[in-house]
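Encoded as structure tokens, the structure appears first; notes follow it.
The values are calculated or read from the model by the stated rules, or taken from the named source; none is laboratory data. What you see is a predicted model; the values in this text were computed from it and never measured. Ideal geometry is used to build each Cβ from the backbone, glycine not excepted, and the neighbour counts take in all protein chains shown. Each accessible area value is taken on the protein alone, full model and side chains, heavy atoms only, with ligands, DNA and RNA left out. Shrake-Rupley method; radii C 1.70, N 1.55, O 1.52, S 1.80 Å.
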Amino acid sequence: MNILDRYHAMDYGPAPEARNEADAWLAARDFGKALFIDGAWKAASGGKTFETSEPSSGKLLAKVSDASAADIEAAVAAATKALPKWSASSGYQRAKVLYAIGRAMQRHQRLFAVLETIDNGKPIRESRDIDVPLAIRHFIHHAGWAQALDKDFPGHKGVGVVGQIIPWNFPLLMLAWKIAPALAAGCTVVLKPAEFTPLTAILFAEICERAGVPKGVVNIVQGGPEAGAAIVNHPGIQKIAFTGSSEVGKIIRKATAGSGKKLSLELGGKSAFIVFEDADLDSAVEGLVDGIWFNQGQVCCAGSRLLVQEGIAEALIAKVKTRMSRLRVGSPLDKNTDIGPLVDITQLDRVKGLVAEGAKQGAICWQPDAALPSSGYYHLPTLATGVSPANILAQEEVFGPVLATMTFRNTEEAIELANNTRYGLAASVWSENVNLALHVAPQLKAGVVWVNGTNMFDAACGFGGYRESGFGREGGREGMFEYLAARLPLGPVIKAATVSAQPVEQADGLAIDRTAKLFIGGKQVRPDGNYSLAVATAKGKLAGEVGLGSRKDIRDAVSSARACKAWPEATAYNRSQVLYYLAENLSGRTDEFAARLVQLTGVTAKAAREEVEQSIERLFLYAGLADKFEGRVHQPPARAVTLALHEPVGVIGIVAPDASPLLGLISLIAPALAMGNPVVAVPSERYPLLATDLYQVIEYSDVPAGAINIVTGRSGELAGVLARHDDVDGLWVFADAETCAKAEAESIGNLKRVWSGNGRSLDWASGEAAGDAFLRRAIEVKNVWVPYGD
Ligand code: NAD
């Protein structure tokens, strides 16, 4: 045997991580008392337990207390009791606690890593080098936010008691992503880990005891969907933060509708891994290993769809297969293992089922020729080629080590394929041409884009999705907002509109010779149903008629808004000029609008003039902010910059209130427009003529067709149509409580971002009813990671 033969015959020897400390910890703990409530360890009140076992062997690890509704009640009571003192404590005090948690975790770093690997099955290299260090970084990073709260988030305070529910794929890391910002914001928490992976959360609760976390500030309950549902439905909780499947996310969106609870949902994904022909193929192959085989593919942002440019497809696939043959499948505690077992037999069966179905639908599924360990829930890394865009492997989140491959011809096709999914969590773009990569990144409907890299995370960089991948961000500045409530000036309670007798008698001196139409696609159009709605003056006489918009009209308005590319693609400077122009043209008609306000609402002439002037001022404000509410650049502890870009949400539906009917409408439309969102607005049902009078102002202000659409009619009914429409990305509803609740509940189709006043209007004249709090709702933050260095 010569040296070369010896070299090729070399293999890794076993390199097992010691588990004695973890086993000693497991043996010493009483898992029958695993609920950490009010600083004490408790058994489940009903005495129930559930089992957690080791994925690499199937062996039982512990029987863990399964919290009942009464236990959730006790945990919420403890969090509620602890809230006043914790939220009133200084940022410095909270920072010290967060820092102490981080430091205590550092001291037990290896125990955390080994326990995580034993309980979840992920390779020790990953838990040791990624999960645990990132979790620690999260606490230390957020210590800073606790202290910077007053300065960086003026006008905000912690939301209160938060309920947090997490999945099993990154048990400790997801816990850190949830608990760290909540504590920094002054909230108290009730957190429920996933039932497959309860262990590291129990060790974390021990850390809280040692780090001086006051009793009741962190409560950790264990259990499954029932315990989760009890948290979601508890009226004493002000915010729910959920990470898990889109299916459960939708259940939670529905369950919390109308409750006034703040909600963030971090859900599934089907992320694209796009390789252009000028990419460094060897780097791309290594990227794929991290993108789809990291944590056995049980990663929400796994690059599970490989989109490769036609000319290099064959070469890349050959390299991928060679690399796959070298992936080491085996004991997760072995430091050389690349691929460990899946978390549970149910997950293994699900993955096998999806692969079989994908093959049935025409995919060619290839696996390396490797032996699997004799016990445990292992699945070989799998490459599916010949996958059609409709194949189940291209559409469904497999959550396993399965890569679906498709080819594309040009950049446009790559973007189209990448966006051909109901999800929008992450994407990875590979090209040596950074201009091309940065051209593609903004066009991808995904919350995170990695250029020539994948699965990079940091506590300072927000993470979260578009579309059915959920809403809200975790990490960084944007993640802090999820635990803060903006102080908005509340206005009157909005009563449901009653269909009153229609006024017939004309107001003095007014000849009704036409019905105001709808404004769709830049044109005044008749309502589809050809019905109209009479509008009364303040004195109950007939002021005019407007079109009675229907489902069909909303559909037309939404497709015009969707087709309007000119607005989202316009430069911020251009949008700013159009908003200034709107203000200028409205100002030229101040008298006319003031008279209309007097006629319809009965306010004094002075008050009416003030409302028109405030509306003009508000348009000015957002015209000015259009090119100033910008993203940031993060410098994470990696050789990369992260561009936190502000992007429009998409088409925003707006249901405007009756209170201050002109100012209220403008206060909602202007920030949405300023950030590049085309809008479909339903103006005040009672005073719609103020909106229809705006048509001419809009027509003379260079607003591109479709950027502003106005559909008059019954607010409650049209709000429901907007909520159910899957091409509406965001919905802002200031209507009665029932309409708001319905809009939230019915928005689950595409998980649109709903902002509702929960039945309250705002005091639109207040300066606090404008500015960043509105602009923030009009954007998505997309984090684009750009590594540097040779
Ligand atoms: P899952 O939705 O089944 O469960 C998640 C959590 O919700 C668990 O704690 C579970 O007990 C609880 N739960 C289940 N039903 C519930 C209900 N009706 N009410 C309240 N709580 C309930 O998800 P999973 O299988 O544990 O995790 C995998 C999913 O998580 C994948 O879809 C993955 O993409 C997603 N995920 C997303 C992110 C992200 O940041 N976007 C991160 C990790 C995982």
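So that you can scan it fast, the table gives a plain yes or no per residue for (1) among the hydrophobic types (A, V, I, L, M, F, W, C); (2) surrounded by fewer than 20 Cβ atoms within 10 Å (Cβ to Cβ):
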residue: 43; (1), (2): yes, yes
residue: 46; (1), (2): no, yes
residue: 56; (1), (2): no, no
residue: 67; (1), (2): yes, no
residue: 70; (1), (2): yes, yes
residue: 85; (1), (2): no, yes
Problem - Complete set of residues in the range 87-98 that are surrounded by 18 or more Cβ atoms within 10 Å (Cβ to Cβ) and under 26 Å from residue 170 (Cα atoms) - result: 94, 95, 97, 98
Exercise for the section: Tally the residues that are more than 19 Å from residue 788 (Cα to Cα), more than 14 Å from the ligand (Cβ to nearest atom) and of a type in the set (Asp, Glu), restricting the search to the range 254-291. Expected result: 1
Practice task
Can you give me the ranges of the helices (runs of 4 or more DSSP H) entirely in the range 345-440 with at least 1 residues that are of a type in the set (Lys, Arg)?
Solution key: 345-360
Exercise for the section: Report, by residue number, each residue of the range 724-742 that is of a type in the set (Gly, Ala, Ser) and either open to solvent by 20 Å² or more (accessible area, probe 1.4 Å) or within 18 Å of the chain's Cα centre (by Cα) (or both). Expected result: 730, 737, 741
Problem - Options 467, 477; residue that is in contact (Cβ under 8 Å) with a residue 60 or more places away in the chain, open to solvent by 10 Å² or more (accessible area, probe 1.4 Å) and away from the ligand (no atom under 13 Å from the Cβ) - result: 477
Exercise for the section: Could you tell me which of the residues 583, 561 is part of a helix (DSSP H, G or I) and under 18 Å from residue 664 (Cα atoms)? Expected result: 583
Handout entry: Residue identified as polar (S, T, N, Q) and open to solvent by 10 Å² or more (accessible area, probe 1.4 Å) among 243, 188, 200
Key = 243
Practice task
Give the residues of the range 599-617 that are without any contact (Cβ under 8 Å) to a residue 60 or more places away in the chain, in a helix (DSSP H, G or I) and polar (S, T, N, Q), sorted by residue number.
Solution key: 615
Practice task
Only residues that are in a loop (DSSP other than H, G, I, E, B) and either without any contact (Cβ under 8 Å) to a residue 24 or more places away in the chain or open to solvent by 10 Å² or more (accessible area, probe 1.4 Å) (or both): list them for the range 205-218, please.
Solution key: 212, 213, 214, 215
Handout entry: Filter pass, residue 575 being modelled with pLDDT of 95 or more and closer than 22 Å to residue 777 by Cβ
Key = yes
Practice task
Restricting attention to the range 752-776, report how many residues are open to solvent by 10 Å² or more (accessible area, probe 1.4 Å) and under 30 Å from residue 454 (Cβ atoms).
Solution key: 2
Fill in the blank from the handout: Residue pairs qualifying under the 7 Å Cβ cut-off, at least six apart or on distinct chains, with the first in the range 191-204 being assigned to a helix (DSSP H, G or I) and more than 10 Å from the ligand (Cβ to nearest atom) and the second being of a type in the set (Phe, Trp, Tyr) and open to solvent by less than 10 Å² (accessible area, probe 1.4 Å), are 200/112; 203/112
Exercise for the section: Output the residues belonging to the range 254-291 that are closer than 22 Å to residue 166 by Cβ and either among the hydroxyl-bearing types (Ser, Thr, Tyr) or not in a loop (DSSP other than H, G, I, E, B) (or both). Expected result: 254, 255, 256, 259, 262, 263, 264, 265, 266, 271
Practice task
Taking residue 157 as meeting all but one of (1) assigned to a helix (DSSP H, G or I); (2) open to solvent by 30 Å² or more (accessible area, probe 1.4 Å); (3) touching a residue at least 24 places away in the same chain (Cβ under 8 Å), write down the number of the exception.
Solution key: (1)
Exercise for the section: Within the range 224-253, track down each residue that is assigned to a loop (DSSP other than H, G, I, E, B), more than 7 Å from the ligand (Cβ to nearest atom) and either free of Cβ contacts under 8 Å to residues at least 24 places away in the same chain or over 25 Å from residue 475 (Cβ atoms) (or both). Expected result: 233, 234, 235, 236
Problem - Inter-residue pairs, beta-carbon under 6 Å, first within 18 Å of residue 319 (Cβ to Cβ) and in the range 363-378, second open to solvent by less than 40 Å² (accessible area, probe 1.4 Å) and in a loop (DSSP other than H, G, I, E, B), 6+ apart - result: 367/380
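Condition check ((1) modelled with pLDDT of 95 or more; (2) open to solvent by 40 Å² or more (accessible area, probe 1.4 Å); (3) under 27 Å from residue 462 (Cα atoms)) across all residues:
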site	(1), (2), (3)
256	yes, no, yes
263	yes, no, yes
285	yes, no, yes
300	yes, no, yes
311	yes, yes, no
314	yes, yes, no
318	yes, yes, no
333	yes, no, no
346	yes, yes, no
Exercise for the section: Pull up the range 453-464, narrow it to residues that are closer than 21 Å to residue 262 by Cα and small (Gly, Ala, Ser), then point me to the one that is farthest from the ligand (Cβ to nearest atom). Expected result: 462
Handout entry: Hits in the range 424-464 - residues which are of a type outside the set (A, V, I, L, M, F, W, C), within 23 Å of residue 177 (Cβ to Cβ) and surrounded by fewer than 22 Cβ atoms within 10 Å (Cβ to Cβ)
Key = 453, 455
Handout entry: Tally, over the range 167-190, of residues that are assigned to a helix (DSSP H, G or I) and within 15 Å of the ligand (Cβ to nearest atom)
Key = 11
Exercise for the section: Would you be able to say whether some residue in the range 566-573 is without any contact (Cβ under 8 Å) to a residue 40 or more places away in the chain and surrounded by 21 or more Cβ atoms within 10 Å (Cβ to Cβ)? Expected result: no
